[in-house]
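J.: If you scroll down you'll find the structure; I have some questions about it.
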Amino acid sequence: MLEIKNLHVKLEEEDKRILKGVDLSVEAGSVHAIMGPNGSGKSTLSYVLSGRDGYEVSEGSATLEGADLLGMEPEERAAAGLFLAFQYPVEIPGVGNMTFLRTAVNAQRKARGQDELSASDFLKQVRERAKELKIDAEMLKRSVNVGFSGGEKKRNEILQMAVLEPKMCILDETDSGLDVDAMKLVADGVNALRDAGRAFLVITHYQRLLDHIKPDVVHIMADGRIVKSGGPELALEVEHNGYGDILAEVE
Amino acid sequence: MALPQAKQTATEARIDALQLPEGGCTQAAREAALARLRQMGLPGRRDEYWKYTRPDTLVQPDAPEAAILDTGEAPVFDAFDRLRIVFVDGVFDAEASDDLQMEGVEIDRIHDICTRDIHWAKDLYGTLEARGQTPVPRPLAALNTAFARDGVAIRVTGRPSRPINLIYTHSDTASDAILHHVVRVESGAEATILENGPAASRFNKCMEIDIADTGSLHHVRAQGRDHERRAATHMFTRLGRESAYKSFTLTVNGVLTRNEQVVELTGDDAVAHVAGACVGDGDFHHDDTVFITHDAVNCESRQVFKKVLRNGATGVFQGKILVKEGAQKTDGYQISQSLLLDDDSQFLAKPELEIYADDVACSHGSTSGAIDETALFYLRARGIPEKEATDLLTLAFLAEAVEEVEDRDIAADIVARLEAWLSRHS
């Protein structure tokens, strides 16, 4: 599904290298987790994959089902099936949540050569998905993320994911700012979307999210590289001993 | 004080190019306005009130040429059931207009008010314009009162079932139209006045609106898309107790538009909202000048002006709230914002508050900025192409102003026009 090879990235504005040769392969149907200390490059990886400005790829490649992601505009990456659940979902006053969702769904369908979804089909689909995530009708009517609590914003991200049905989902610290109940709700939303044709890359600081979203593979990222990969037990090791031991071992 | 020579010369040259109409019962008002005009002189580039907008083409004796616009599109408000009053190059066209009879309203051509022994409009013509000349002179409005060739007098006595639509059409590439309307809304009465259409190559329009206690008036105006026109408009509104005035203007294109709103809240518990949304490209120049005077207790005023500017377009906002002594519990709000779609466009704003009462809540804000890159990326990351995402954010920026239009269907028509403009300017 997602193939990242020897990816080197620096900031456009200053000569600061952030990713220093990331190699990662995520197969369809699997859930991979990336953990790592602050500043290790986890969020940068998610931004570079989704096409945010401000980064320069100096070496390496990233493909989604064989297609070169790095050569695409952000909207083309989305239409190709990539989805980033933002660490900080953006508030957009004046743009209604429903208008936003419908515009996004139809733009992606158009890009793939599909017909637009009828207003009633769309509404039905959104309402069903929203109900599962305990998002009430009032939230759907409001402007995108405006006046939403931290938990509501994250649930709104998962709602977008559910409605857009991407192939490759990247969750960037989706657990940050969530209480235990909200985290459970978000995890349930993600788990409901797990299937053989879809893959997840879960970026997190803490093991506790991985109690709810069980990963197949856990990677440890440090100083712009993936330094260790393993099974779910790796996350527990981090939880108990911190990153210190692992990093020392790698050194 | 004598006028500077250059100003006096320019003023007399303009007056010489005009003829004082046979004013009948409005003659005295016209002559008084002409005297006011001579005293003030027409605006010049050194006048503080015209610092951001060059008045030259509005003042020169002949109207600059402007091409006739034919978009082939249905005009704004066309889909609505309304009473149509049509003016061609500033002259009433009875053939093209509907029957002016409607329950709850009396409509007469200004020419006809003098044929009656008693007519309410005789006392109103020129009165609010004259009041509006202090503390800031508005010479183009005085010129209008003196020389207006046509216009209507609208008296709202009930709740007419349809809006009254003043429709302007442009047929002569050098037309110089001067129209003067007077409106009186009686106690408890309520109506909607719509205005649209390219009026003339150069358009000077004045509307005086007197709203009695508990009366209410909604005004929605659409200016454009005739880009080459020049327009100077004035609306003078006086509000009585518990009355309401809500005015919204959409402006699409125009090399020069100056819209002045002069509002006086004279009765307690009155509400006045003036709002505008404009979009302009290239040599577009749009000026909103607003002066709201609070002279009664517990009144609310609200100014919401949003401008989208690109390719070197210029937007101007001069807005003032004056709270007089004793106008306690005033609630005044003013926001003026521009969205600059490139580095060449500019927004010039002069927000002002002048307050002589001690128990008031007044706020004002003015901003100018570019499209929010973070929001743009968020939309694109969900698959919305850059152009579509930019348009979505642009409409969102204008939304607060468009929300001032109470009628949902009319507001939807306005949004559709804005969307169409954005899709034409990519």
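The values are calculated or read from the model by the stated rules, or taken from the named source; none is laboratory data. Remember, it's a predicted structure, so these values are computed and weren't measured experimentally. Please note: Cβ atoms are built from the backbone with ideal geometry, for glycine as well, and neighbour counts cover all protein chains shown. In case anyone asks, the SASA skips ligands and DNA or RNA and just uses the protein heavy atoms, side chains included. Shrake-Rupley method; radii C 1.70, N 1.55, O 1.52, S 1.80 Å.
J.: Please give the Cα centre distance for segment B:203-226 versus segment B:50-91, rounded to the nearest Å.
T.: 15
J.: Can you list the residues in segment A:105-139 whose accessible area drops by at least 30 Å² when all protein chains are present, compared with the chain alone? Use a 1.4 Å probe, heavy atoms only.
T.: A:Ala107
J.: Determine the order of A:Ser25, B:Ser161 by accessible area, beginning with the largest, at a probe radius of 1.4 Å.
T.: The residues order as B:Ser161, A:Ser25, largest area first.
J.: Rounded to the nearest whole Å², what accessible area per residue is found for segment A:1-88 with the 1.4 Å probe?
T.: 41
J.: Could I ask something else about it? Roughly what % of DSSP beta bridges within segment B:5-424 run antiparallel, to the nearest 5?
T.: Of the beta bridges lying entirely in segment B:5-424, close to 5 percent run antiparallel.
J.: Separate question: Expressed as a fraction of 2.2 N^0.38 Å, the rule-of-thumb size for a compact globular protein of N residues, what is the C-alpha radius of gyration of chain A?
T.: Working: Rg = 18.0 Å, N = 251, 2.2 N^0.38 = 18.0 Å.
Normalised Cα radius of gyration, chain A: 1.00.
J.: Something else now. Under the rule a/c < 1.5 gives rounded, and otherwise a/b versus b/c splits prolate from oblate, where does the protein assembly as shown land using the Cα gyration tensor?
T.: The shape class here is prolate.
J.: Then there is this: Can you give the extra length, in nm with one decimal, that the chain gains between A:Glu138 and A:Lys16 once fully stretched, where that is 0.36 nm per residue apart less the Cα-Cα distance?
T.: Fully extending the segment from A:Glu138 to A:Lys16 adds 39.5 nm.
J.: Ok, one more. Report, by chain and number, residues whose modeled amide H sits under 5 Å from the one on B:Gly332, excluding near sequence neighbours (fewer than 5 apart, same chain).
T.: Result for B:Gly332 returns B:Ser301, B:Ala361, B:Cys362, B:Ser363.
J.: Roughly to the nearest percent, how much of the accessible area of chain B is carbon and sulfur, given a 1.4 Å probe? Could the numbers behind the result be given before it?
T.: Numbers: 7500 of 16140 Å².
So the carbon and sulfur contribution to the accessible surface is 46 percent.
J.: Tell me the volume per residue, in Å³, of the convex hull enclosing the alpha carbons of chain B.
T.: Convex hull of Cα atoms, per residue: 141 Å³.
J.: Next up: How would you classify segment B:70-110 from its alpha-carbon gyration tensor, with a ≥ b ≥ c the square roots of the eigenvalues: rounded for a/c under 1.5, else prolate if a/b is greater than b/c, otherwise oblate?
T.: It is oblate, given that a/c is not under 1.5 and a/b is not larger than b/c.
J.: Whose amide H sits under 5 Å from the amide H of B:Val323, counting only residues 5 or more places off or on another chain, with H placed in the peptide plane?
T.: For B:Val323, the qualifying residues are B:His294, B:Glu354, B:Ile355, B:Tyr356.
J.: As a test, work out the antiparallel percent of DSSP beta bridges whose residues both lie in chain A, rounded to the nearest 5.
T.: So the antiparallel bridges in chain A amount to around 55 percent.
J.: For every other residue with a beta carbon closer than 13 angstrom to the beta carbon of A:Glu73, add +1 if it is Lys or Arg and -1 if Asp or Glu, then tell me the sum. Each step should come with its number before you reach the end.
T.: Numbers: positive: A:Arg52, A:Arg77, B:Arg380, B:Arg382, B:Lys387; negative: A:Asp53, A:Asp68, A:Glu75, A:Glu76, B:Glu386, B:Glu388.
Neighbour charge sum, excluding A:Glu73 itself: -1.
J.: Work out from phi, with θ = phi - 60° and the Karplus expression 6.51 cos²θ - 1.76 cosθ + 1.60, the ³J(HN,Hα) of each residue of segment B:68-73, listed in order in whole Hz, and give x for Gly and Pro.
T.: For segment B:68-73, the Karplus curve yields 7, 9, 10, 8, x, 8 Hz.
J.: Right, here's the next one. First check a/c for segment A:1-94, with a ≥ b ≥ c the square roots of the eigenvalues of its C-alpha gyration tensor; if it is under 1.5, answer rounded, and if not, answer prolate when a/b is larger than b/c or oblate otherwise.
T.: Rounded is the answer for segment A:1-94, as its axis ratio a/c remains below 1.5.
J.: When the Karplus curve 6.51 cos²θ - 1.76 cosθ + 1.60 is applied with θ = phi - 60°, which whole-Hz ³J(HN,Hα) does each residue of segment B:143-159 get, with x for Gly and Pro?
T.: The phi angles translate into 4, 4, 4, 5, 10, 3, 8, 7, x, 10, 10, 10, 10, 9, 10, x, 10 Hz.
J.: Give me the percent relative contact order of segment B:5-424, please, defined on Cα pairs under 8 angstrom at least 6 residues apart. Intermediate results must be reported in sequence, preceding the final value.
T.: Values: 1100 pairs, mean separation 45.1, N = 420.
For segment B:5-424, the relative contact order is 11 percent.
J.: To the nearest 10 degrees, how steep is helix B:5-16 against the longest Cα principal axis of chain B, on a 0 to 90 scale?
T.: Between the helix axis and the principal axis of chain B, the angle is about 70 degrees.
J.: Please work out the FRET efficiency for the pair B:Arg131 and A:Ser149, using the Cβ-Cβ distance as r and a Förster radius of 41 Å; give the result to the nearest 0.05. Walk me through the numbers on the way to the answer.
T.: Values: r = 51 Å, r/R0 = 1.25.
So the FRET efficiency works out to roughly 0.20.
J.: For every helix of n ≥ 4 consecutive DSSP H residues, a contribution of -39,500 (n - 2.57) applies; sum these over chain A, divide by its total residues, and give [θ] at 222 nm rounded to the nearest 500 deg cm²/dmol.
T.: Details: 10 runs with 99 residues, N = 251.
One gets -11500 deg cm²/dmol as the mean residue ellipticity at 222 nm.
J.: Over what distance in Å are the Cα centres of segment B:172-192 and segment B:325-375 separated?
T.: 28
J.: Right, something else. Between the alpha-carbon centers of segment A:8-23 and segment A:183-249, tell me the distance in whole angstrom.
T.: What the calculation gives is 23 Å, centre to centre.
J.: Could you please report the charge total around B:Cys299, scoring K, R as +1 and D, E as -1 over all other residues with beta-carbon less than 9 angstrom from its beta-carbon?
T.: -4
J.: So, one more: Looking at chain B, identify the longest residue range that excludes and avoids all GluC sites (Glu not before Pro) in DSSP loops having at most 12 other Cβ atoms within 10 Å.
T.: Value returned for the longest uninterrupted segment is B:104-324.
J.: Also, I was wondering about something else. If you plug each phi of segment A:6-15 into the Karplus form 6.51 cos²θ - 1.76 cosθ + 1.60 with θ = phi - 60°, what whole-Hz ³J(HN,Hα) values come out, in order, with x for Gly and Pro?
T.: Running phi through 6.51 cos²θ - 1.76 cosθ + 1.60 with θ = phi - 60° gives 6, 7, 10, 9, 10, 5, 5, 6, 10, 7 Hz.
J.: Which loop GluC sites (Glu not before Pro) in segment A:96-201, with loop taken from DSSP, have no more than 16 other Cβ atoms within 10 angstrom of their Cβ?
T.: A:Glu116
J.: Mind checking the per residue accessible area of segment B:341-426 for me, 1.4 Å probe, whole number of Å²?
T.: I get 47 Å² per residue for this part.
J.: Excluding A:His8 itself, what net charge comes from residues whose Cβ is under 15 Å from its Cβ, given Lys and Arg +1 and Asp and Glu -1?
T.: Here the charged neighbours net out to 0.
J.: List the residues whose amide H sits under 5 Å from the amide H of A:Leu171, counting only those 5 or more places along or on another chain, with H placed 1.01 Å from N in the peptide plane.
T.: Those qualifying (amide H under 5 Å, at least 5 residues apart or on another chain) are A:Ala85, A:Leu201, A:Val202, A:Ile203.
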